[in-house]
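Please treat every number below as a calculation from the coordinates, not as lab data. This is a predicted model, so every value here is computed, not measured. All Cβ positions, even for glycine, are placed from backbone atoms using ideal geometry, and neighbour counts span all protein chains on display.
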């Protein structure tokens, strides 16, 4: 079974950037040899409210869904970018409430299965 290099980043919510507290809310995975780019997100509202009782849950959900939308084929600001270009844009450092963490790499024979494994390990409690 052939394994290919993939890169991933955890999508995190940092409700008060100045405090540095965060929760993991998704995973973004890119596998160039397989032409694969996908994000999976899930917001744990109770955990976010524990860090910031006044957090804008709808705004955070919209920002998280933008990661998923940017990976798809729908028209949008990143539609003309290559998958690699999209991944780099999505993982660029930001000082915003929703942001990607550092990029890590691994090997996989199945990017979908790897995304599910990382999501369960890094996002789900």
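Would you check if residue 85 is free of Cβ contacts under 8 Å to residues at least 12 places away in the same chain, over 14 Å from the mean Cα position of the chain (by Cα) and part of a helix (DSSP H, G or I)?
Working: free of Cβ contacts under 8 Å to residues at least 12 places away in the same chain: yes; over 14 Å from the mean Cα position of the chain (by Cα): yes; part of a helix (DSSP H, G or I): yes.
So residue 85 fits the description; yes.
Test each condition in (1) buried (at least 20 other Cβ atoms within 10 Å of the Cβ); (2) more than 21 Å from residue 32 (Cα to Cα) for residue 122 and report the one that comes out false.
(1)
Restricting to the stretch 38-50, name every residue that is surrounded by fewer than 15 Cβ atoms within 10 Å (Cβ to Cβ) and touching a helix residue (DSSP H, G or I) at 6+ places or on another chain (Cβ under 7 Å). It would help to see each step written out before you state the result.
We begin by selecting, within the stretch 38-50, every residue surrounded by fewer than 15 Cβ atoms within 10 Å (Cβ to Cβ); these are 42, 45-47, 49-50.
The answer is 45, and nothing else.
Working carefully through the options 10, 60, find the one that is in a helix (DSSP H, G or I) and closer than 21 Å to residue 124 by Cα. Before the answer, list the steps.
Values: 10 fails: in a helix (DSSP H, G or I).
Result: 60 is the single residue among 10, 60 that is in a helix (DSSP H, G or I) and closer than 21 Å to residue 124 by Cα.
Suppose the filter is exposed (fewer than 15 other Cβ atoms within 10 Å of the Cβ) and not in a loop (DSSP other than H, G, I, E, B); does residue 53 pass it?
Details: exposed (fewer than 15 other Cβ atoms within 10 Å of the Cβ): yes; not in a loop (DSSP other than H, G, I, E, B): no.
When the stated conditions are applied, residue 53 does not pass them.
Looking at the stretch 85-99, can you tell me whether even one residue there is loosely packed, with under 13 Cβ neighbours inside 10 Å and within 27 Å of residue 2 (Cβ to Cβ)?
yes
Would you confirm whether any residue within the stretch 3-21 is on the phi > 0 side of the Ramachandran plot and free of Cβ contacts under 8 Å to residues at least 40 places away in the same chain?
yes
Would you mind finding the one in 70, 66 that is over 19 Å from residue 123 (Cα atoms), surrounded by 13 or more Cβ atoms within 10 Å (Cβ to Cβ), within 18 Å of the chain's Cα centre (by Cα) and free of Cβ contacts under 8 Å to residues at least 40 places away in the same chain? Full working, then the answer.
Values: 66 fails: over 19 Å from residue 123 (Cα atoms).
Residue meeting the stated conditions: 70.
Specify the residue that is nearest to the chain's Cα centre (by Cα); the eligible residues are those in the stretch 10-37 that are over 12 Å from residue 98 (Cβ atoms) and surrounded by 19 or more Cβ atoms within 10 Å (Cβ to Cβ).
Step one: of the stretch 10-37, the residues over 12 Å from residue 98 (Cβ atoms) are 16, 18-21, 27, 29-37.
Keeping just the survivors that are surrounded by 19 or more Cβ atoms within 10 Å (Cβ to Cβ) gives 27, 29-31, 36-37.
Numbers: 27: 4, 29: 8, 30: 10, 31: 14, 36: 14, 37: 11 Å.
Out of the qualifying residues, it is 27.
Residues that are without any contact (Cβ under 8 Å) to a residue 24 or more places away in the chain, part of a loop (DSSP other than H, G, I, E, B) and under 13 Å from residue 12 (Cα atoms): does the stretch 93-108 have at least one?
yes
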